[in-house]
């Protein structure tokens, strides 16, 4: 169910989901606020009040990102085979550089992330990466392969990323912009 609440004189729409979770959490999924509560809980208004500053900050950031994304042009329309060849080359190069060996590689449609690395070291890439500039594809692959060394986004993980991408925040911002651009286009 979608609800709306005013925070700092702004209407904020959000969705409440009750799941088998121990603790409540707030997430932004493709721009929309989602509150995930334990099955019997209904304290969404309390959570919103508790995290109102975070919600405002995140909402502003998303709004600015969506405005920038609307001005961004897609420059690439690679075929799946072209993308697979580029991805495989980047995987080989970055695997050697990091000293890791990924398992199988899959390319598929993913609804909420650019890529993932399984516990078995299988790498799954979002097919939408085929529309991004090669430097962003390279960053995503390096990022996921770094999870071989450190599973979580800890200080150690970001230190690994900074070895090659000192300005990783810029790459993360660009990926966020492209996410909105690509997920809101029906022809892709």
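Read the figures in this text as sums done on the coordinates, not as results from a lab. Predicted, not measured: the structure shown is a model, and the values here were computed from it. Note that each Cβ is placed from the backbone with ideal geometry, even for glycine, and that neighbours are counted across all protein chains shown.
Tell me the mean residue ellipticity at 222 nm calculated for the chain from its helices only (DSSP H runs of n ≥ 4, each -39500 (n - 2.57), averaged over every residue, nearest 500).
Numbers: 6 runs with 85 residues, N = 188.
Here the helix-only value at 222 nm equals -14500 deg cm²/dmol.
What ranking, highest mean first, results for peptides 128-134, 17-23 when packing means the other Cβ atoms within 10 Å averaged over each residue?
Details: 128-134: 19.3, 17-23: 9.7.
Peptide ranking by packing, descending: 128-134, 17-23.
Any idea what the alpha-carbon Rg over 2.2 N^0.38 Å comes to for segment 80-183?
Numbers: Rg = 12.7 Å, N = 104, 2.2 N^0.38 = 12.8 Å.
Dividing the Cα Rg of segment 80-183 by 2.2 N^0.38 Å gives 0.99.
Quick one: helix 80-98 against the long Cα principal axis of the chain, what's the angle to the nearest 10°, folded into 0 to 90?
The two axes meet at around 80 degrees.
Just from the alpha-carbon atoms, what are the Rg and Dmax of segment 1-111 in angstroms?
Just the Cα atoms of segment 1-111 yield Rg and Dmax of 20.1, 52 Å.
So if the hydrodynamic radius of the chain is defined as the Kirkwood radius over C-alpha pairs, what does Stokes-Einstein give as its diffusion coefficient at 20 °C and 1.002 mPa s, in µm² per second?
For the chosen part, D equals 116 µm²/s.
So what is the relative contact order of segment 1-116, in percent, for Cα pairs below 8 Å that sit 6 or more residues apart? Numbers along the way, then the final one.
Details: 85 pairs, mean separation 16.9, N = 116.
Worked out over segment 1-116, it gives 15 percent.
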